[in-house]
Amino acid sequence: MIRSDETSFDLLRFARRLGAGPRSLMLILGDSVVAVVALWTAFHLRFDEPGQHLADLPLLAIALVAARLTTSLYLRIHRWSFKFSGLRDGVRVLTAGLFGTVGFVALSYFFLRNQLSELPARGVVVLELSLSVTGMAAIRFAPRLWWMYRADILGRRKGAVRTLIAGAGASGEMLLRDLHRNDDHNLKIIGFVDDERLTWGHIVGGKPVLGGLGDLPRLVRRYRVAQVVLAIPRLPASRVRSLLRLGLTRRVRFKVLPVSYGRLRERDPAAALQDLVTEDLLVRDELIFDHGDTPMSFDTDGVQMVAGAAGSIGREVCAQLLDQGCRCLVMVDINENELYMLKRRFERVFPDTTVIAEVACIRDKPRVQALFSRYRPHDLFHAAARKHVPLMETSPAEAVKTNVVGTLHLARAADAEGVQRFVFMSTDKAVRATSIMGATKRLGEQVVRHMDAISPTRFSVVRFGNVLDSAGSVVPVFRDQIAAGGPVTVTHPEAQRYFMTIREAVGLVLRAAYGDYGDLCVLEMGEPVLIVELARQMITMAGLVPDVDIEILFTGLRPGEKLFEELVADGEHVESVRDRKIRVVAATPPPEDLLGLVKELNDAARRDDQVEVRRLLEDLVPDYSAPVHDPLVRLSDEDSPAVVM
C-alpha cells in the first residue's frame, strides 16, 4: 500500500524532473482545464444539438490534454516569467497551441479511430484551437496586463510625478515596460517625445508619441509635466544643452537613462535613473583617452609620486595610475584628512598595491628633498597649487611660495634623484595673466622648462582649461547657491571660459607624460562657454526655472579676472596635434637669469612685500599686468567665485 506522503514525494520529484515549481504545476493544471473547457465549448458552438456528439468527449478530452501537455512541456511554456514575458513568448504559446492540435488530430485519427463513434469535426478542431490558445495566453499575460493597469491607476494617485520619456526607441520602450512591471515608484508616464517624425502619433507600449524634443515646452505646459527622462543612448552633449535652453516656464526635473541600464533592469527602474551631471553641459562630446590604444610606458614596478594628491586633479591622477597597473604610489599633500581617506579608499580598491601617504608642504625644501631621497620616484606629477584667483590677489606672497618656489623645490629634487619624468599642471590663466594666480603659474611653467633644458629628467607642462566640478570651481558653488534658493551670482554677462572634465584633464596629463609629445601640451577644448549660460543650465537641471525660481545676479568682474581666457600666449605657436586631441605648443625660452630673479621674488615673498612681489612678477612674466586695486578691499563671500583650475 502506497502512503499519501510517499505519493506527494513522488509527485514533487516528478515535477522537479520537469523543471517545474509550484507556479509551473499551476500552469500545467490551468492548461489542462483550458483544453477540456475549450473542447466542450467548441462542441456547443459547432452543433445546435451537441448532446448526440458528446459521447466521445471524455476520450477526446484525455487525448487533447495529453497532446497539449506534451507539446507545452517540450516547448517549456510551463516555465513562465509573468513579469518579463514578451512577443516571442506569445509566439511560443501560439506554436504550442498549433502543435498540440496537430498531436490531438493525429491521436484521434490514428490511435482512437476504432474507439470513437465519430471523428471530431473540423469546425470543432479549429474552434478548440482558437479557444485553447486564447485561454493559455490569457493565463500567462493577464498578470502583466493587470500590473500595467495597476501602474496606470497608481500613476493617477496624489503625488505622482507626471513624466515624459524623451526617446521612443528601444531604450525608451524598455524603460516604460520595466516601469509597468514594477509598481515601487511614483511615476505617471504621459507619453514619449522623439525627433523621428515617423513615430509621431504612434502608440509605444500603450503610450502615445506626442511630438519632437522641440515640442517639450508646449507639452510640459499642456500635460503639467514635472519630469523628463532622456532615454536616448549617448545623447550628444550639444543636444542636452539645447534641451536645457528650450525656455521651459514650468519646473521640470531632467533624468537620464544610464548607458548600462540593460544591466540594471532587475532593480527598481525609477531608482536606476540618474540626474544629469555637469559633464553633460560641455559644448562638445567628452574626449575619452583610451590608454589601451596607446599603452602608457611607465615602469609599473617603479614608484610614482603625486604632489597635491588630495586635490580633485591629483586624486584622479592617482586613481588612473593605479588603474593602469602602478605597484607603488606615494601621495603627497598638506591636507592630512583628505589624504588619509584617499589612502584608505585606494587600499580597499587596489589591495595588491603599496599606497603611501605623506603629509608635506612643497614649500618646505628639506622635507621635499627627504621624500625624494627616501622613495626615489620614477615619475612625479605636480598638481599642488594655490589656485583661487581672488584670494591670491590679496595674498600674492602665498601664491609665489607655492606655485613658484614650491615648484622649484620639486623640480630640483627630481633632478637630483634622477626622476625620469616630471609633469607640471598649469592653467589657461597663465596666458596673458591678469591675476597673481595666473602669473605665478606662468612663472612655474618657466621654472619647469628651465629645468628641462639643464636636466636629464623629462620635464613637461600641461595647460588646463577650467575643470568642471573640481574643488573651488564655479560648478559646486553654483550648486550650493541653487540648493540655498539663490541667487546665483555671475561676475559678468559676457564672461566665458574653456571647460574640460576631470577625466579629460588627467587623460591629458598621462598621455602627455608618457607620449613624450613636447614641453607644453594643451587639450583641444572646442568653443568657450558663457558662464551665465552654464548657470541657467544648472538651474534647469535642478528642476527650476531661471530668473523665476532662482535669480541670476551679476556682481561685476573682481580683481584678477578676465572676460575670456586663451590657451596659447603671444610668442607661442602650435607645432602639431597628437591623437586629434592634444596640441603641442612651442613656447618662448625662459630668461637666462630666471633662477636669480626667482630667488629675489622669494625673498620679497618671505618679507610679505606685496608691492615688490607684484613688481617682480611684472618683470618675470612679460604679458602680465597687475590690476590697479586696493588689496584691502573685502571680497564678499556672496560674490561668484572665479572659475578656477
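Taking the stated definitions as given, is G485 modelled with pLDDT of 80 or more, small (G, A, S), farther than 19 Å from S312 by Cα and assigned to a loop (DSSP other than H, G, I, E, B)? Break it down into steps so the answer makes sense when it comes.
Working: modelled with pLDDT of 80 or more: yes; small (G, A, S): yes; farther than 19 Å from S312 by Cα: yes; assigned to a loop (DSSP other than H, G, I, E, B): yes.
Yes, satisfied.
Per-residue answers, yes or no, for (1) surrounded by fewer than 24 Cβ atoms within 10 Å (Cβ to Cβ); (2) within 36 Å of the chain's Cα centre (by Cα):
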site	(1), (2)
H388	yes, yes
L391	yes, yes
T394	yes, no
V400	no, no
A414	no, no
F424	no, yes
I436	no, yes
T440	no, yes
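Taking D452 as meeting all but one of (1) under 29 Å from C326 (Cα atoms); (2) at pLDDT 90 or above, write down the number of the exception.
Checking D452 against (1) under 29 Å from C326 (Cα atoms); (2) at pLDDT 90 or above, the one that fails is (2).
Working only within the stretch 442-482, note down all residues that are acidic (D, E) and either crowded, with 17+ Cβ neighbours inside 10 Å or part of a helix (DSSP H, G or I) (or both).
Residues satisfying the conditions are E445, D452, D480.
Let me spell it out: the conditions are (1) under 44 Å from the mean Cα position of the chain (by Cα); (2) closer than 28 Å to I313 by Cβ; (3) modelled with pLDDT of 75 or more, and D639 meets all of them except one. Which number is the exception?
All conditions pass for D639, except number (3).
Output the residues belonging to the stretch 414-436 that are part of a strand (DSSP E or B) and closer than 23 Å to V568 by Cα.
F422, V423, F424, M425, S426, T427
How do the strands (runs of 3 or more DSSP E) wholly within the stretch 501-608 filter down when requiring 3 or more residues that are in contact with a Cys (Cβ under 9 Å, 6 or more places away or on another chain): which remain?
Qualifying strands (runs of 3 or more DSSP E): 582-586.
If you check every pair at least six apart or on different chains, which have Cβ atoms under 8 Å apart with a residue in the stretch 334-363 that is over 30 Å from L408 (Cβ atoms) first and a residue that is assigned to a loop (DSSP other than H, G, I, E, B) and hydrophobic (A, V, I, L, M, F, W, C) second?
That search, which allows pairs on different chains as well, returns T353/C326.
May I ask you to say which residue of R345, R376 is out of contact with any Asp or Glu (no Cβ under 6 Å at 6 or more places or on another chain) and of a type outside the set (A, V, I, L, M, F, W, C)?
Exactly one of R345, R376 is out of contact with any Asp or Glu (no Cβ under 6 Å at 6 or more places or on another chain) and of a type outside the set (A, V, I, L, M, F, W, C), namely R345.
Kindly establish whether G191 is touching a Lys or Arg at 6+ places or on another chain (Cβ under 6 Å) and within 20 Å of R253 (Cα to Cα).
yes
Could you please give the count of residues in the stretch 380-432 that are of a type in the set (K, R) and within 20 Å of V509 (Cα to Cα)?
Here the count works out to 4.
The values are calculated or read from the model by the stated rules, or taken from the named source; none is laboratory data. All values derive from a computational prediction rather than experimental measurement. Here Cβ is always computed from backbone atoms with ideal geometry, including for glycine, and neighbour counts include all displayed protein chains.
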